[in-house]
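Take a look at the structure set out below.
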Amino acid sequence: MKTYNIGVIPGDGIGPEVMHEALKVLKAVSARDGFAAELVEYPYSGEYYLKTKELVPERVIDEWRSLDAVLLGAIGHPEVEPGLVERSVILGLRFGLDLYVNLRPIKLYAERLCPLKDKGPQDIDFAVVRENTEGLYSQIGGHLRKGTPEEVATVTGVYTWKGCTRAIRYAFELALRRAEARGKGGRRPRVTLVDKANAIRPQEIWTRAFAAVAAEFPQVETDHAYVDAACMWMIKNPEWFDVIVTANLFGDILTDLGAMLQGGMGIAASGNLHPGRTSMFEPIHGSAPKHAGKGVACPLGAILAVSMMLDYLGEASAARQIETATAELLAAGDIPSVDTRSGLSTSLVGNMLVSRLSQAG
Ligand code: IPM
Ligand code: MG
């Protein structure tokens, strides 16, 4: 039997709760589809750091490289210095495994989930390709005269030709795959570059990298928006977008906005990818400490992260079954919302998915 070695980092807050449901779903589909997932659990989290003072050691990053994939719940603890454990675990994975694409699908499964007036599933179905290893996340910078009135803080935005072109190329390839999935008669593939190259002039490297890669894909329409305008278009005409490609921080910001178009943070999933290598999959919602321990978190983001992982691993049918089951439960109203007010417990939503998957053909 095909067996995948999966690293599992449940993390903090609602992370372990949603991970538990995601793993139930993974188990259910693997049993049906005849593959196995061998899970290796890792304790790294804010909670673990408070107990042990341990962050992710280099040898563990090496170990992760030898797995087939990593699943992450959420990292972030209110009693730990902001960002310390997030940088160690999340950026440790993204930078350590060179996961240069953060793929964030923005898809609405039921009209009532969307806060926009008169927009339905036919209008909101695009993907953000967020460059994931450079930009303002470079960690190059620091403080001078810290804590004094003369303090200086700097950070360097890093945009390399290699970093831009590989993310952009992924976006064009994705646009072609999405168009193929839509089939004949579907809209043409389109990639929109989002940047701020007017005010931040060195971002003009993105403009040239985009033009260079676009020339390899004459079948794909190209488009451009400054990031402020992109926020406006995402609300006004979300149907315009097919694939967006953008720098790290802009992608971070746009995808929280995108999550709301889908109905809430509870359903947004992502894949941190280096095609051909070990990649990492996570819901984008974070640890949400105020909801932790109550069993009210929506596990659909984590469950759809499992779907993205299976698709990446080549288990396309299992991936599709999870997405279809999720879409059906949402469309029918069995899962009324993707926030903490659905009236359904975290584990009940997981169980509904498992039972729907056991009924599906
Ligand atoms: C995300 C998160 C992270 C990011 C944080 C937790 C470092 O917001 O995955 O979107 O900024 O990338
Ligand atoms: Mg974010």
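The values are calculated or read from the model by the stated rules, or taken from the named source; none is laboratory data. Since we're looking at a predicted model, the values are computed, not measured. Cβ placement follows ideal geometry from the backbone for every residue including glycine, while neighbour counts extend to all protein chains displayed.
Data overview
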read-out: For SER287: the one exception among (1) part of a loop (DSSP other than H, G, I, E, B); (2) surrounded by fewer than 24 Cβ atoms within 10 Å (Cβ to Cβ); (3) of a type outside the set (A, V, I, L, M); (4) within 16 Å of ligand 1 (Cβ to nearest atom); value: (2)
read-out: Lone qualifier among ALA297, ALA302 - being modelled with pLDDT of 95 or more, more than 12 Å from ligand 1 (Cβ to nearest atom) and farther than 21 Å from LEU93 by Cα; value: ALA297
read-out: Residue in the stretch 305-315 that is in contact with a Gly (Cβ under 7 Å, 6 or more places away or on another chain) and part of a loop (DSSP other than H, G, I, E, B) present; value: no
read-out: Sole exception among (1) away from ligand 2 (no atom under 16 Å from the Cβ); (2) among the aromatic types (Phe, Trp, Tyr); (3) under 14 Å from the mean Cα position of the chain (by Cα); (4) crowded, with 21+ Cβ neighbours inside 10 Å for PHE281, by number; value: (1)
read-out: Search result, residues across the stretch 17-55 that are in contact with a helix residue (DSSP H, G or I) (Cβ under 9 Å, 6 or more places away or on another chain), surrounded by fewer than 19 Cβ atoms within 10 Å (Cβ to Cβ) and assigned to a loop (DSSP other than H, G, I, E, B); value: TYR42, PRO43, GLU54, LEU55
read-out: Matching entry among THR246, THR222 (being surrounded by fewer than 24 Cβ atoms within 10 Å (Cβ to Cβ) and either among the β-branched types (Val, Ile, Thr) or within 12 Å of ligand 1 (Cβ to nearest atom) (or both)); value: THR222
read-out: Near pairs, Cβ below 8 angstrom, 6+ apart or cross-chain, from the stretch 277-289 (closer than 11 Å to ALA69 by Cα) to any residue that is part of a loop (DSSP other than H, G, I, E, B) and more than 12 Å from ligand 1 (Cβ to nearest atom); value: ARG277/LEU97; ARG277/ASP98; THR278/SER66; THR278/LEU67; THR278/ASP68; THR278/LEU97; SER279/LEU97; MET280/LEU97
read-out: Segments classed as strands (runs of 3 or more DSSP E), wholly inside the stretch 99-153, with at least 3 members that are in contact with a Lys or Arg (Cβ under 9 Å, 6 or more places away or on another chain); value: 101-107, 125-131
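Residue-wise test of (1) polar (S, T, N, Q); (2) within 16 Å of ligand 1 (Cβ to nearest atom); (3) in contact (Cβ under 8 Å) with a residue 40 or more places away in the chain.
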{"position": "GLU81", "(1), (2), (3)": "no, yes, no"}
{"position": "ASP98", "(1), (2), (3)": "no, yes, yes"}
{"position": "ASN102", "(1), (2), (3)": "yes, yes, yes"}
{"position": "LYS107", "(1), (2), (3)": "no, no, yes"}
{"position": "LEU113", "(1), (2), (3)": "no, no, yes"}
{"position": "VAL128", "(1), (2), (3)": "no, yes, yes"}
{"position": "ASN132", "(1), (2), (3)": "yes, yes, yes"}
{"position": "ILE140", "(1), (2), (3)": "no, no, no"}
